[in-house]
Amino acid sequence: MAAGKIAPLVRAGLIAGLVIAGLAYPLAALAGIGVKAGSKALAAMPEELTEVPTAQTSYVYARDGKTLLTTFYEEYRKQVSIEDMSPYITEAIVASEDARFYEHHGVDAKGVARAFVANRQAGGVSQGASTLTMQYVRMALRDSAKTPQDALEATEQTTQRKLREMRLAIELEKKLSKQEILERYLNSAYFGHQAYGIYAASQIFFSKTPKQLNLNEAALLAGLVKAPSAYDPAVGDQKAATDRRNYVIDQMAKMHTITPAQAASSKTAKIQLRLTTPPNDCISIPQKHNDWGYFCDYLKSWWQQEPAFGRTPDERLENLRRGGYRIVTSLDPRIQASAMSHVLDKEKKRSRYAHGQVIIEPNTGRVLSMAVNRTYSLEPNPKDRNYPNTVNALLGGGTMAGYQAGSTFKIFTMLAALDSGLPLDTSIYAPEQYVSKYIVARGPASCGHHWCPKNSSKSDTGRQTMWSGFGKSVNTYFVQLEERVGADKAVAMAKRLGLTWRTDVDRTLASPEHAGGWGAFTLGVSDATPLELANVFATLAAEGNYCEPLPVRAILNPDGSKAKYRGQLVAGPRCHRVFSVDVARAATDAARCPTGYGSARGSCGGWSTSPMVYATLHRPVAGKSGTTDNNRTAWFCGFTPQLAGAAFVADPDDPNDFVGGGRSTMSKYTFAQTLNDALKGQPKLKFTPPSKQIAWHGDRNGTDPDDGN
């Protein structure tokens, strides 16, 4: 490159060719070269500055887009335009760091000469000569480092590093205006106290935006850049911080950006901080909303599985902490508060039993609430039990297997039967105990080598249909229905509806070679999470339109654009049809029976297992309760046309610990009361009855029941 391209440096008056050797950092290696040699050395440096986006904070909001849940960051930082900064901060940073910023072209010739003389007189490094542009170059090189060695080379005190900074600064000033350089500098600088960039500094020290900074505040922040730890007024010497602030104010007065009177008045003011500690990660959820932590944990787990954010879970998490996203979640604070109040009404946080529920929006899959009677914390419990202070995916979305869900699994057998062409009025005699075709090892539930399930009550004996069998939860009816349709089809239906097999036993039994013999599946012996089951019933509410559970409503990139992957919105619903509308309506009609609401097409058999649900909710509702042997767990899963949910009670630490018959109705009331609150003021939408063809065998004479039921 021609020497003319480094004219700004040559014009610095390279005193006897030795000025370069007198820069702020050890440049003694150039001490013996002249202007020509120095020019060649500088010309050999790279011209282009590789700039990568600086790490920015990701903000996570509730469904309303205003309520801040938490933030994720490695460096607390948010980009802000120079138009959104107080003029005081731009003036203060120039006065503090580079008084001739508007005069030089990247390298300050006078500053270089001054530093050379001062350092020669001091016999070492006593002054620097880095301009704001050179400092920004150093930051950019540091932030673009891909390896520790790159980072070291970007900041080490060597001749090579200094020359590279100078060359890149000169080239950068040809491409960017002074205002653009100032903006980038202020968004990159470290102000101490975990504040990266002026937005973070304004928030952390003064709890305000950069636009709102006054003269004193701006001078204080500008003074921190030189030595953040030494001048930090929050943890260091207030006198040192005040002296540094006053130095900056004096410099501003010398530059005539403020008047002498302003300077004098400002220097007498005491430092007044209003410190803010920005939250970071799920554990920093506000204490009064500790229950949000479980939803946040689910969001984080979901994010780590999304290919849009990186190749591996670790890379995706790093992207969350550095990417500067604005994430509007699906969490509805009002529904969450109601869910928590009803959960805690029935089972306190100190209980060994976990009681919780998940609420989902049909047709979008968006998770509106995740409530459980636990304290979200990273601190281990001294008793090494799950309650109350262990982070655990109790509600779904993590690695936990879940819990056996009992008779709620009858929904999969009924859906498989309806999908195979069997109508709702399929009539089967249900004895008190039934000798099934399924071969099992000898045990309490076997008759020889056959599995022989029983009903929970002798009153269940008799001829049943899907309406009455589901409404009264008749075990021997559903085992026979499963035999007709095939256990493998019931298992396949559950998989289509999002169930995942997390234990070795479940994975083995659900495999193609074993699923056909898994007769006990219909009685809910497989583990499932509340998130999964809530979404199963949300699919019924959506008339067969399955949507993946989703914790977000919108994800915006730092530039305000919507995050996409392969052309699709990352936060958009991911839905597909898993069975026909008529199958969904038929299953819904039978699922109206357990709640006490009653079906539109057939008889529920005179009584139901969960009549308190409709009695509490007073609007069209369908669902299914479920308990396991000896009441180890107690569930209710249900839906209205607008909302779906699943509530449970169990001991997560001991699957053999019985929650007891006294807790068998707990989940039913929790579900009904929460939906009653959530739907207050909303219209009482009705379910659409199924067709005659899927309700009854052949033709049916007589008048249809009231379809408006």
- [ ] Once you have the Cα-Cα distance between Lys239 and Thr276, take 0.36 nm times their residue separation minus that, and quote the gain in nm to one decimal.
- [x] 11.2 nm
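Could you compute the FRET efficiency for Gln693 and Tyr565, with r as their C-beta to C-beta distance and R0 at 60 Å, rounded to 0.05?
Numbers: r = 41 Å, r/R0 = 0.69.
Step by step, r from the Cβ atoms, then E = 0.90.
Which whole number of Å³ per residue matches the convex hull of the alpha-carbon atoms in the range 403-695?
Roughly 153 Å³ of hull volume per residue.
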Open item on the list: Given bins 10 angstrom wide, list per bin the percent of all Cα-Cα distances in the chain, short to long.
Closed with: 3, 13, 19, 17, 13, 10, 9, 8, 5, 2, 0, 0
Task: Relative packing of peptides 158-171, 186-199 - highest average C-beta neighbours within 10 Å first - done: 186-199, 158-171
Open item on the list: On a straight-distance basis, which aspartates and glutamates could pair with Lys692 in a cross-link, Cα separation under 14 angstrom, same-chain partners fewer than 8 positions away excluded?
Closed with: Asp425, Asp582, Asp589, Asp704, Asp706, Asp707
TODO: Set Lys and Arg Cβ to +1 and Asp and Glu Cβ to -1, take the dipole of the chain about its Cα centre, and tell me which of Ser473, His256, Gly421 lies farthest positive.
DONE: His256
Open item on the list: Per-residue counts of other Cβ atoms within 10 Å, averaged by peptide: what ranking do you get for 405-416, 258-269, 285-296, 130-141, highest first?
Closed with: 405-416, 130-141, 285-296, 258-269
- [ ] Evaluate the distance, in nm, between pseudo-label points positioned 7 Å from the Cα of His256 and of Leu378 along their respective Cα→Cβ axes.
- [x] 5.4
Open item on the list: Output needed: percent of Cα pairs per 5 Å distance bin for the range 640-696, bins running from 0 to the one holding the longest distance.
Closed with: 4, 14, 17, 15, 13, 12, 13, 8, 5, 1
- [ ] Report the residues of the range 249-288 in range of a label on Gln212: point 7 Å along Cα→C-beta, backbone N strictly under 16 Å from it.
- [x] 272-278
Open item on the list: Going by Cα centres, the range 337-383 and the range 149-169 are how many Å apart?
Closed with: 53
TODO: Find how much the distance from Asn656 to Arg574 grows on full extension, using 0.36 nm per residue of separation minus their present alpha carbon separation; answer in nm with one decimal.
DONE: 25.8 nm
- [ ] Grab the eigenvalues of the alpha-carbon gyration tensor for the range 142-189, scale each by 5, take roots, and send me the semi-axes largest first in whole angstrom.
- [x] 22, 14, 8
Open item on the list: Need one number: nm distance between label points at Gln682 and His514, each 7 Å from Cα along Cα→Cβ, rounded to one decimal.
Closed with: 4.0
TODO: Taking the Cα centre of the chain as origin, sum charge times position over the Cβ atoms of Lys and Arg (+1) and Asp and Glu (-1), and report the length of that vector in debye to the nearest 20.
DONE: 920
Task: Stokes-Einstein D for the range 50-92, Kirkwood Rh over Cα pairs, 4 °C, 1.567 mPa s (µm²/s) - done: 101
- [ ] Quick one: dipole size for the range 501-622, taken about the Cα centre, charges +1 on Lys/Arg Cβ and -1 on Asp/Glu Cβ, in debye to the nearest 20.
- [x] 480
Open item on the list: Please compute the alpha carbon radius of gyration of the range 154-234, then divide it by the globular-protein estimate 2.2 N^0.38 Å. Two decimals is fine.
Closed with: 1.26
- [ ] Under 14 Å from the Cβ of Ala240, count the other residues' Cβ atoms, weight Lys and Arg +1, Asp and Glu -1, and hand me the total.
- [x] +1
Open item on the list: Positive end of the dipole of the range 403-695, charges at C-beta (+1 Lys, Arg; -1 Asp, Glu), about the Cα centre: which of Val491, Gly406, Leu540 has its Cα farthest in that direction?
Closed with: Leu540
Open item on the list: Give me the net charge for the shell around Ala95: Cβ to Cβ below 13 angstrom, other residues only, Lys and Arg +1, Asp and Glu -1.
Closed with: +1
Task: Eligible aspartates and glutamates near Lys162 by straight Cα distance, threshold 19 Å, same-chain separation 8 or greater - done: Glu47, Glu48, Glu51, Glu97, Asp98, Asp108, Asp143, Asp150, Glu153, Glu171, Glu173
- [ ] Treat the count of other C-beta atoms within 10 Å as a stand-in for reagent exposure and order Glu482, Glu315 from fewest to most.
- [x] Glu315, Glu482
Open item on the list: Taking R0 as 35 Å, what FRET efficiency do you get between Thr147 and Glu83 from their Cβ-Cβ distance, rounded to the nearest 0.05?
Closed with: 0.45
Open item on the list: Based on alpha-carbon centroids, what's the gap between the range 505-555 and the range 255-299 in Å, whole number please?
Closed with: 45
TODO: Using the 4.7 Å Cβ rule, please list in number order the cysteines from the chain without any candidate partner.
DONE: Cys637
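Each value in this text was obtained by applying a stated rule to the coordinates, not by laboratory testing. Because the structure is a prediction, the values reported are computed rather than measured. Every residue, glycine among them, receives a Cβ derived from its backbone with ideal geometry; neighbour counts consider all protein chains shown.
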